[in-house]
């Protein structure tokens, strides 16, 4: 089935100076059209002049450490909350940085602590008046006077960061010893902007062979606060939090732009900061908007400069991506030519593939060409099996690419490490061909899916499409769910509570899914106190919509129910206050049900939600555990709802989810065609190409039958991780 | 070891007319001094004149159904919340009683619904103005006008009860067919009081042989709302809730007495009512106090009348006990001569034994002389083993009676049922002798316990001493814990958050235990937002106190911690918002620890609390599960604290608890004497009698060693459920 078009193109190879023969040889075998450098590698002249396109990585905020050292007042800053101290007398002394990694943070004492810091009595939750505490510059301590004995006190304080986090992580992990500690500079100062643009211009002049400047990424890293104690090294890490974008200048500009002032507590938030996983406040979202506006505006100047030099600008959708917001309305204004995402899973492939406003979408596949993986496991060294790793990652990505294509794939790291692994080299050759073939099927075509969209309803909506903060968080219901969803034959979009309240539910949506734990950004929190939101969805279901709730959908401790949509779901959760209330004694139906028809044995959602109870006899429970329903269905008006007590991405649960979407949207028939009998296999049908692609997601041989409209099912026998392409006329 | 004094007295036998020989024979063998009637049995003249004291049961509020039927406006009432109805148009019709058992409830429409009922939009939580709804007397429905479409509406409404719940339960369970439905009358009306006193006087005159009037109990039953649907028969049941004490007259009198008016929502409370398990509101506690005052005042008149006839008055600490409050300050004012409690477990024995202000404390043991037990299992019929049942109940009661005696024990039910079970008859003979012997050891003596009291800290404090609402609620941490505690050699008292805030911590307390789930009356709820409470306990621990927290101690979603005493416990709980925060990587110590020294294998607390994290390296984790600490200890100032993730009453956990109390109160040595090596066995030493009592709580043979001060341990070999008495000089 290999054709010429599957042999070359759309592949980025990490080249390596000193291994020119290997680089060019593999570029040929893998059909590369582009060669890139990586962290720790350079490209030689022989490579850059070999006729391939050249990607060069560039991180503008840590590009020149000499300038950073000479301009310490231009380093990036953030707020921290000190660890609490219990007052034993009426005077409490707090060393704000105690417990924090002093190689990452230094106190910012140039900006007046009395203006920018806050002290809190965390026992009462009240702020201590500025008159009742002092900062002692000599000792670096805050002294709280008039403390209430036995109350707990904390300080919110500003720090400058003296070690850029990605550099710090690589430095410490790889034991780089006395190599320089890179520092991130703050682009909001005019001087910094001037420096960056000058630097970039010089860089562009010095890199004539570069075709694509691959920004890693723009200006602000995701938040990563380190601790002093090796037992608490990562005090706080959040891939989407804007904590590291704050400083007095930005706060003043925010006040001018938005008409009100933020405080340190808006960032510190009782020590929880503004984790992407938690339902965001309005004030924090204003801050995100303010930062995004700046990042796009200044970022655009950088991209324009790249374009002036006849090069393309790609952005890496990781690391310093904060403020970039590829799913934000302003993203198109950057003028980027491409976006590159490092991916382990299917949902990340969709996350990259779905970014609007950019021409080229590229995946950086795993394994990275490093001796060890992210968790320290061997990859390209003795004991590793990188070919198997590559297969396992690929089958997760591949099912997502069946649904939505990307334009390119690539690898990263030290190319010379692959030499002792000829089976890896062989597999990548196969993989690149498979990729090109699948990409081809999407041209002028769209794989079959049942009509009607599935909307994932969260606090973030479109802004965090296909994301639950960073890579997969195992056990996080929505994250597991979007991984299942990434390869299902359904059209997906992400909508927010605000969208529903302000604009209603788009008419092409047939299913809404709300999934996650109470108070999270995914399930939502106080938004569910909004009667308009509850009424909108209720009305929409009554008129025929389908609602799927997972874990603690629509949950908030409010009113006479915990799930605010309990009347739709037919179940609610007892969080402890209902001990004296009877529970309806449901019985599982004796017959089968469309949703669970492919389920063999017990449903397993991992660590799911317990203490679910049924409202009355109109709810049908399809699965339960110790008396707590795990799958329940109910009709409401013309619509339907399904409740799942959790979700773990497994072949069986992906199928359950697909069938639930089919049932809840009243599309059982449409959901039953182009469907594989064996849950370890999946398929996609491209009607214009008349191609049926069947994939085996497992590492063992599988037989499967595919249902086809108006004829007998087709049979297929697939090797481990295998693929079959059938020509099917309908 | 049997002596004469162990052969007779302190035992109440249920007699039965028609079985006079059996009655008098067993009275002799079991050493009864008193014969009683039971529900469904009567005593014949031959029995009542046989020289034994005679108990007669009497329930004043359901004593004369003819009067009740003729005075339906004097029946007891309560509020109910209708099941919610979703508005599909701007007018919603609600049948308030829909889903409720119409043989129990009828609408009270004589008191103006507009004055006494409330309608709520439960989607917004707001009350619907009275002008916007109507009650239609013809249809018995409430019509909400101007409803917001797709919002949920409920009605709080008043009902009269036409079937007294205990009578209803027995009637339906035993299929009594067309036997009369007894109705409970409301004693707050002057006419009812007059009727009751007249009735009682007549009754006393007609029962010359009765020595003791055993009231079952006073006027108000615990709350028990039944449903129409057999799958939801018990909509709400709470052994301590005052829901069934309300009516317009009482509400008006409350307003006069307390100076403010309660609403229906104070009772309905979003459909959660005022379950004993949930942290009570101030308004509800005012209501309890108001009702208690009335019950004691009118109850006193009844007791006085009994005394005028030369009889004694005992009260049953179950059924219609609401308003009696044996641990309340007014209880002594009733003038009762005795209190009787039906018991399954050790904590219930302590609950009865500890009631102040009354001379005689009596336990009604299980099994009840009925063909089947409470859950329908066979007892006195084929397939039953009542002798084994009696042993199993007795060993749980016995360990409590080692710590605190009661004056009497007894049985209840149909005596003739025991005839086919001679081993039961034999065992009761042994049991009564064992009881009398143990009772004797308490005379002028007190079993050894380590110095310093253990205080159980809850929202209810003393008022709910040794109670978590009714019989054992399996899995309820505090209930399981007080069952363990009931037989431990420690002195116990119950204190409330109010006690601590208003009066501080009594000086004889060395250990405070706070146990339960967030928001419960046991762990507490919003009380923990009170900085004075937090500071008091913090100071007390800093100065040497010991704090034990179980499950979610001091928990409330407030400030920068979930456990408000996290700084003492050294652990806190992540309820979901800390996904981005790192967790301190604790390590279990390699050596042994005093608390876990008797623990073999893993700790098992049943369904305990997860997602616990450690604050820092000063916390020592002694047991964990999947990374979540189950037992953790920490020092704070001069004091100590222990955290347990839950409690299930098992021999091993009772020992863990005892050792934790010893460690946390700095009394390891005092806690290690008069201690059994084998956790299946326990002992008590009575220093004045110089008797060491060793009990085997298990159904198998056990060997054990008892540590004794200044000498070698004593060894004992005990048969199943056995007891050994050793004379020990110290």
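The values are calculated or read from the model by the stated rules, or taken from the named source; none is laboratory data. Note that the coordinates shown come from a computational prediction; the quantities given were computed from them, not determined experimentally. Every residue, glycine as well, gets a Cβ built from its backbone with ideal geometry; the counts of neighbours run over all protein chains shown.
Meeting the requirement of 1 or more residues that are under 30 Å from residue A:572 (Cβ atoms) and either touching a strand residue (DSSP E or B) at 6+ places or on another chain (Cβ under 8 Å) or in contact (Cβ under 8 Å) with a residue 12 or more places away in the chain (or both), the strands (runs of 3 or more DSSP E) wholly within the range B:15-126 are B:77-81, B:92-94, B:105-107, B:118-121.
Of all residues in the range B:372-403, exactly one satisfies the criterion of being surrounded by fewer than 19 Cβ atoms within 10 Å (Cβ to Cβ), modelled with pLDDT of 95 or more and touching a strand residue (DSSP E or B) at 6+ places or on another chain (Cβ under 9 Å), namely B:385.
To keep it simple, each residue is scored yes or no on (1) under 11 Å from residue B:158 (Cβ atoms); (2) touching a helix residue (DSSP H, G or I) at 6+ places or on another chain (Cβ under 7 Å).
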{"residue": "B:89", "(1), (2)": "no, no"}
{"residue": "B:92", "(1), (2)": "no, no"}
{"residue": "B:100", "(1), (2)": "no, no"}
{"residue": "B:103", "(1), (2)": "no, no"}
{"residue": "B:109", "(1), (2)": "yes, no"}
{"residue": "B:114", "(1), (2)": "no, yes"}
{"residue": "B:117", "(1), (2)": "yes, yes"}
{"residue": "B:123", "(1), (2)": "no, yes"}
{"residue": "B:126", "(1), (2)": "no, no"}
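Among the residues of the range B:603-612, those that are surrounded by fewer than 20 Cβ atoms within 10 Å (Cβ to Cβ) and either more than 11 Å from every other protein chain (Cβ to nearest Cβ) or at pLDDT below 95 (or both) comprise B:604, B:606, B:607. Within the range A:161-182, the set of residues being within 23 Å of residue A:97 (Cβ to Cβ) and either in a loop (DSSP other than H, G, I, E, B) or touching a helix residue (DSSP H, G or I) at 6+ places or on another chain (Cβ under 9 Å) (or both) comprises A:161, A:162, A:163, A:164, A:165, A:166, A:167, A:180, A:181, A:182. Scanning the range A:530-562 for residues that are within 8 Å of chain B (Cβ to nearest Cβ) and farther than 27 Å from residue A:507 by Cβ gives A:558, A:559, A:560, A:561. The residue that is nearest to residue B:438 (Cα to Cα), among those in the range B:692-707 that are in contact with a strand residue (DSSP E or B) (Cβ under 6 Å, 6 or more places away or on another chain) and buried (at least 19 other Cβ atoms within 10 Å of the Cβ), is B:693.
Please count how many residues of the range A:563-580 are touching a helix residue (DSSP H, G or I) at 6+ places or on another chain (Cβ under 8 Å) and facing chain B (nearest Cβ under 7 Å).
Looking only at the range A:563-580, we keep the residues that are touching a helix residue (DSSP H, G or I) at 6+ places or on another chain (Cβ under 8 Å), and these are A:563-565, A:567-568, A:572.
Then keep just the ones that are facing chain B (nearest Cβ under 7 Å); that gives A:567.
Residues meeting the conditions: 1.
What do you reckon, is residue B:318 touching a residue at least 60 places away in the same chain (Cβ under 8 Å), surrounded by fewer than 19 Cβ atoms within 10 Å (Cβ to Cβ) and away from every other protein chain (no Cβ under 14 Å)? It is false that residue B:318 is touching a residue at least 60 places away in the same chain (Cβ under 8 Å), surrounded by fewer than 19 Cβ atoms within 10 Å (Cβ to Cβ) and away from every other protein chain (no Cβ under 14 Å). Of all residues in the range A:281-288, none satisfies being in contact with a strand residue (DSSP E or B) (Cβ under 6 Å, 6 or more places away or on another chain) and not in a loop (DSSP other than H, G, I, E, B).
In this structure, does residue B:709 turn out to be over 30 Å from residue B:618 (Cβ atoms) and free of Cβ contacts under 8 Å to residues at least 60 places away in the same chain? Break it down stepwise before answering.
Values: over 30 Å from residue B:618 (Cβ atoms): yes; free of Cβ contacts under 8 Å to residues at least 60 places away in the same chain: yes.
Against the criterion (over 30 Å from residue B:618 (Cβ atoms) and free of Cβ contacts under 8 Å to residues at least 60 places away in the same chain), residue B:709 qualifies.
Applying the criterion of being closer than 29 Å to residue B:686 by Cα and in contact with a strand residue (DSSP E or B) (Cβ under 9 Å, 6 or more places away or on another chain) to the residues of the range B:405-427, the residue that is surrounded by the fewest Cβ atoms within 10 Å (Cβ to Cβ) is B:407. Inspection of the range B:136-147 finds a residue satisfying the criterion of being buried (at least 21 other Cβ atoms within 10 Å of the Cβ) and farther than 27 Å from residue B:76 by Cα.
Pick from A:475, A:519, A:461: which is over 25 Å from residue A:679 (Cα atoms) and within 12 Å of chain B (Cβ to nearest Cβ)? So that I can check it myself, show each step before the final result.
Working: A:475 fails: over 25 Å from residue A:679 (Cα atoms); A:461 fails: within 12 Å of chain B (Cβ to nearest Cβ).
Exactly one of A:475, A:519, A:461 is over 25 Å from residue A:679 (Cα atoms) and within 12 Å of chain B (Cβ to nearest Cβ), namely A:519.
The set of residues in the range A:567-602 being crowded, with 23+ Cβ neighbours inside 10 Å and in a helix (DSSP H, G or I) consists of A:567, A:568, A:569, A:595. Which of the residues belonging to the range A:215-243 are away from chain B (no Cβ under 13 Å), crowded, with 23+ Cβ neighbours inside 10 Å and out of contact with any helix residue (DSSP H, G or I) (no Cβ under 8 Å at 6 or more places or on another chain)? Answer for the range A:215-243, where residues must be away from chain B (no Cβ under 13 Å), crowded, with 23+ Cβ neighbours inside 10 Å and out of contact with any helix residue (DSSP H, G or I) (no Cβ under 8 Å at 6 or more places or on another chain): just A:217.
Anything in the range B:277-310 that is over 25 Å from residue B:255 (Cβ atoms) and crowded, with 20+ Cβ neighbours inside 10 Å? List them, or say none.
At the first step, the residues of the range B:277-310 found to be over 25 Å from residue B:255 (Cβ atoms) are B:277, B:302-310.
If the condition is that a residue be over 25 Å from residue B:255 (Cβ atoms) and crowded, with 20+ Cβ neighbours inside 10 Å, then B:277, B:302, B:303, B:306 are the ones that fit.
You will find that of A:520, A:469, the residue that is touching a strand residue (DSSP E or B) at 6+ places or on another chain (Cβ under 8 Å), closer than 23 Å to residue A:610 by Cα and surrounded by 22 or more Cβ atoms within 10 Å (Cβ to Cβ) is A:520 and no other. The single condition among (1) free of Cβ contacts under 8 Å to residues at least 40 places away in the same chain; (2) touching a helix residue (DSSP H, G or I) at 6+ places or on another chain (Cβ under 8 Å); (3) under 22 Å from residue A:83 (Cβ atoms) that residue B:623 does not satisfy is (3). All of (1) farther than 27 Å from residue B:608 by Cα; (2) facing chain B (nearest Cβ under 9 Å); (3) more than 32 Å from the chain's Cα centre (by Cα) hold for residue A:620 with one exception: (2). Out of B:658, B:647, one residue alone is part of a loop (DSSP other than H, G, I, E, B), in contact (Cβ under 8 Å) with a residue 60 or more places away in the chain and more than 12 Å from chain A (Cβ to nearest Cβ). It is B:647. In the range B:249-280, the residue that is farthest from the other protein chains (Cβ to nearest Cβ) out of those that are free of Cβ contacts under 8 Å to residues at least 40 places away in the same chain and not in a helix (DSSP H, G or I) is B:259. For the range A:495-504, the criterion of being under 17 Å from residue A:557 (Cα atoms) and within 19 Å of the chain's Cα centre (by Cα) is met by no residue.
Counting only strands (runs of 3 or more DSSP E) wholly contained in the range B:344-459, the ones carrying 1 or more residues that are free of Cβ contacts under 8 Å to residues at least 60 places away in the same chain and within 30 Å of residue B:669 (Cβ to Cβ) occupy B:453-458.
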